[in-house]
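For reference, the structure is listed below as C-alpha cells.
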Amino acid sequence: MSQAFAEIGKIAYEGPESKDPLAFKHYDAEEVIDGKKMRDHLRFAAAYWHTMRNSLSDPFGMGTAQMPWDDGSESLDNARRRVKVFFEFLEKLDLEYFCFHDRDLAPEGSSLAESNKNLDAIVKTLKEEQMRREKKLLWGTANLFTHPRYVHGAATSCNANVFAFAAAQVKKAIEVTHELGGQGYTFWGGREGYSTLLNTNMKRELDHLAKFLHMAVDWKKQIGFTGQFYIEPKPKEPVAHQYDSDAAACLNFLREYDLRDHFKLNIEANHATLAGHTVEHDLTVASNTGALGSIDANRGNLFLGWDTDQFPTDIYQTTQIMLIVLSMGGFSTGGLNFDAKRRRESFEPIDLFYAHIAGMDAFARGLKIAHAIRKNGRLDEHLKQRYSSWDSGIGSLIESNEVGFEELATYTYENDEPVNVSARQEMLENLINEFI
Ligand code: XUL
Ligand code: CO
C-alpha cells in the first residue's frame, strides 16, 4: 500500500526558532534532561480510538474527519489498512507507544467467538507492524460501553449474563494485550455507574465490580501477564454518576475491596476537571500513595461541560503535570497517552500531525520548565519553610506520636496565641511564570 501521509516526512526537531508547523520546536527525543532522554521522561503514546476511529462527530452533527484510507466498511481488510496507516503515523511522529480498545481494532462479530476471531486476525497484522516499526503497547483495554448489551453497565449491570459477557470480553482483551507485550491494561468504567438510585442497588453493583476486578487479577496471574493494571477515574459521562468518580474514590474502592496492591491509576486531565478538581489535584492524590501509574494527556474546555478531550497545549498545565511526574521519580510502566481528539473543524489528515506535535511540544516545554523550577529550588524551599514548625519542637513531638491532647493542652496554656505567616500564593504563581 502506498503511504497514507505521502506528503509528510519524518517530523524533525528544529528548535524554538523554527517556523515550520510540521517540526518540533521543543521536543528533542534524544536530549538528556536530568540524566534521562526526553523520550524516556515523556513516554508518549497515541490513542488508536481517536487517531484512527474518531470521525469527529458531535451530538449535533455527523463526522467531518477525512480518512481517505478508510472505506467506512466493517471489513477486516479495512481494519488491516487502518493498522498500517496508524504505524506509518507513529513512525513519522516518532511516537514510541500506543493504546487501543479491542473494538477499535477489529469489528464486533455476531457472537463473541466471531469477535475474537476478528480481533486475532487484526492483532496478527498489528504485531507484525509493531515489530517492524519497533513500537510498544503502553496499555490495552476493552470497550464495554458502546454495544447496546452494555446499556446498564458491564461489571455493574443488573443483568448477570451481561457481567459474564463482559468478563469473557476482558479475558480476551488481557490475553491480546499480553501477546502484544503490553506494559499495562486499563479499566475505564464506561457505564459503571447509574442514572437514578430508584432502580439501582449501589452496594450490590460495587460488590460485583470488585468481584470482576478480582477475577481479572486472577486471570492475569494465570496467564503470566505482568503488566500494570490501571483504573481510570471519571465522574460522569456517559452516565450521570460513574462509580470511579475521582482518584480518591477509586483508591477508597480499591482499599475497601482488597484490590489496592493490584492496581494503580491512569489519571486523565479532562476527567479530573469534570470531577471539579485540577489535574494536579488528582495526580497528587494518586502519587501520595504510590498509585500514580499513567496519564491520559488532554485538557477540557471551561465553556463546555463535557469531556472535550482537547489536545494538551496549555504550557501552564503541562508544567504542573511534569512537576508531579518528576517529583515521583518519573513513569515506570505508564506514560503520556494522547487521549485527545482534534476539534471537529480540524478535519484534514494533516491536522492529526499538527495536533500531536502541539501536544508533544507542550509537554516537552512543561518538562523543561518543571526541571528548571526544581533545579532552581526556590519553590521547594518555600514549601519546606512553610512546614518548618513540624521539624522541631512541638511539631516533631506530634509527628513522632510523643504527645496527645493532654500534653498539647498544657503546651497551649503555657504558650501565646499561634502566629501565622502568609501563604504567598501570588508570589509563587509569579515564581512559576518566571520559568515559563
Ligand atoms: C473516555 C476515556 C477512555 C479511556 C479508555 O472518557 O477516557 O477513552 O481512556 O477506555
Ligand atoms: Co482516557
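Where a number appears in this text, it was derived from the coordinates with a stated rule and is not lab data. Predicted, not measured: the structure shown is a model, and the values here were computed from it. When we count neighbours, we look across all protein chains shown, and the Cβ atoms used for this are built from the backbone with ideal geometry, even at glycine.
Are there trypsin sites (Lys or Arg not before Pro) in the stretch 218-281 that DSSP marks as loop and that have at most 16 other Cβ atoms within 10 Å, and which are they? Walk me through the intermediate numbers first.
Details: sites: Lys220, Lys221, Lys236, Arg255, Arg260, Lys264; in loops: Lys236.
When the trypsin sites (Lys or Arg not before Pro) of the stretch 218-281 are filtered for loop state and at most 16 Cβ neighbours within 10 Å, Lys236 remain.
Calculate the dipole size of the stretch 12-376 relative to its Cα centre from +1 charges on Lys and Arg beta carbons and -1 charges on Asp and Glu beta carbons; express the result in debye to the nearest 20. Let's see the in-between values first.
Working: 43 positive and 50 negative charges, 105 e Å.
Charge dipole of the stretch 12-376: 500 debye, to the nearest 20.
Against the longest principal axis of the chain, how steep is helix 160-179, in degrees 0 to 90 to the nearest 10, with axes from Cα atoms?
Helix 160-179 sits at roughly 90 degrees to that axis.
Of Ser396, Asn430, Tyr411, which is farthest towards the positive pole of the stretch 380-435's charge dipole, taken about the Cα centre with +1 and -1 on the beta-carbons of Lys, Arg and Asp, Glu respectively?
Asn430
Restricting attention to the stretch 10-107, which GluC sites (Glu not before Pro) occupy a DSSP loop and are surrounded by at most 13 other Cβ atoms within 10 Å? Walk me through the numbers on the way to the answer.
Details: sites: Glu14, Glu17, Glu30, Glu31, Glu74, Glu88, Glu91, Glu96; in loops: Glu14, Glu17, Glu30, Glu31, Glu74, Glu96.
Counting only loop positions with at most 13 other Cβ atoms within 10 Å, the GluC sites (Glu not before Pro) in the stretch 10-107 are Glu17, Glu30, Glu74.
Determine the calculated [θ] at 222 nm for the chain from helices alone, applying -39500 (n - 2.57) to every DSSP H run no shorter than 4 residues and normalising by the residue count; nearest 500 deg cm²/dmol.
Values: 16 runs with 199 residues, N = 436.
Mean residue ellipticity, 222 nm, calculated: -14500 deg cm²/dmol.
Calculate how steeply helix 315-327 sits against the longest principal axis of the alpha-carbon atoms of the chain, using the helix alpha-carbon long axis, and give the answer as 0 to 90 degrees to the nearest 10.
70 degrees
Can you bin every Cα-Cα distance in the stretch 34-110 into 10 Å intervals starting at zero and give me the percent of pairs per bin, rounded to whole numbers?
Each 10 Å bin holds this share of Cα pairs: 16, 43, 28, 10, 3, 0.
Would you please put 53-60, 368-375 in order of how densely packed they are, using the mean number of other Cβ atoms within 10 angstrom per residue and starting with the highest?
So the peptides 53-60, 368-375, ranked by packing, come out 368-375, 53-60.
Which order do peptides 321-332, 292-303 fall in by mean Cβ count within 10 Å, highest first?
Details: 321-332: 18.1, 292-303: 21.7.
Ranked by mean Cβ neighbours within 10 Å, highest first: 292-303, 321-332.
State the answer as a single residue: which of Val217, Leu197, Gly109 lies farthest towards the positive end of the charge dipole of the chain, with beta carbon charges of +1 for Lys and Arg and -1 for Asp and Glu, about the Cα centre.
Highest projection toward the positive end goes to Gly109.
Taking the Cα centre of each part, how many Å lie between the stretch 1-52 and the stretch 302-379?
Computed from Cα coordinates, the inter-centre distance equals 13 Å.
For Cα pairs less than 8 Å apart in space and 6+ apart in sequence, what is the mean separation divided by the residue count of the stretch 336-436, i.e. the relative contact order in percent?
Working: 21 pairs, mean separation 27.5, N = 101.
Dividing the mean separation by the residue count of the stretch 336-436 yields 27 percent.
How big is the charge dipole of the stretch 91-210 about its Cα centre, in debye rounded to the nearest 20, if each Lys and Arg gets +1 on its Cβ and each Asp and Glu gets -1 on its Cβ? Please report the intermediate quantities before stating the final value.
Values: 15 positive and 16 negative charges, 40 e Å.
The calculated dipole for the stretch 91-210 is roughly 180 debye.
Search the structure for amide H atoms under 5 Å from the amide H of His241, placed 1.01 Å from N in the peptide plane, and list their residues when 5 or more places away or on another chain.
Amide H to amide H, under 5 Å and 5 or more residues apart or across chains, His241 pairs with Tyr194.
As an exercise, take the mean of 1/r over every pair of distinct alpha carbons in the stretch 374-416, invert it, and state the Kirkwood radius in angstroms.
Numbers: mean 1/r = 0.0836 Å⁻¹.
By the Kirkwood definition, the hydrodynamic radius is 12.0 Å.
Please report, in whole Å, how far the alpha carbons of the stretch 12-376 spread along each principal axis, starting with the longest.
59, 47, 44
Below 8 Å between Cα atoms, with a sequence gap of 6+, how large is the relative contact order for the stretch 12-376 in percent? It would help to have the intermediate numbers written out before the result.
Numbers: 660 pairs, mean separation 66.0, N = 365.
So the answer I get is 18 percent.
Considering only C-alpha atoms, what is the centroid distance from the stretch 99-178 to the stretch 386-409, in Å?
53 Å
Arrange the following residues from fewest to most other Cβ atoms within 10 Å of their Cβ: Cys158, Cys250.
Details: Cys158 15, Cys250 30.
By the 10 Å Cβ count, ascending: Cys158, Cys250.
By how many degrees, 0 to 90 and rounded to 10, does the Cα axis of helix 279-288 deviate from the longest principal axis of the chain?
Tilt of helix 279-288: around 70 degrees.
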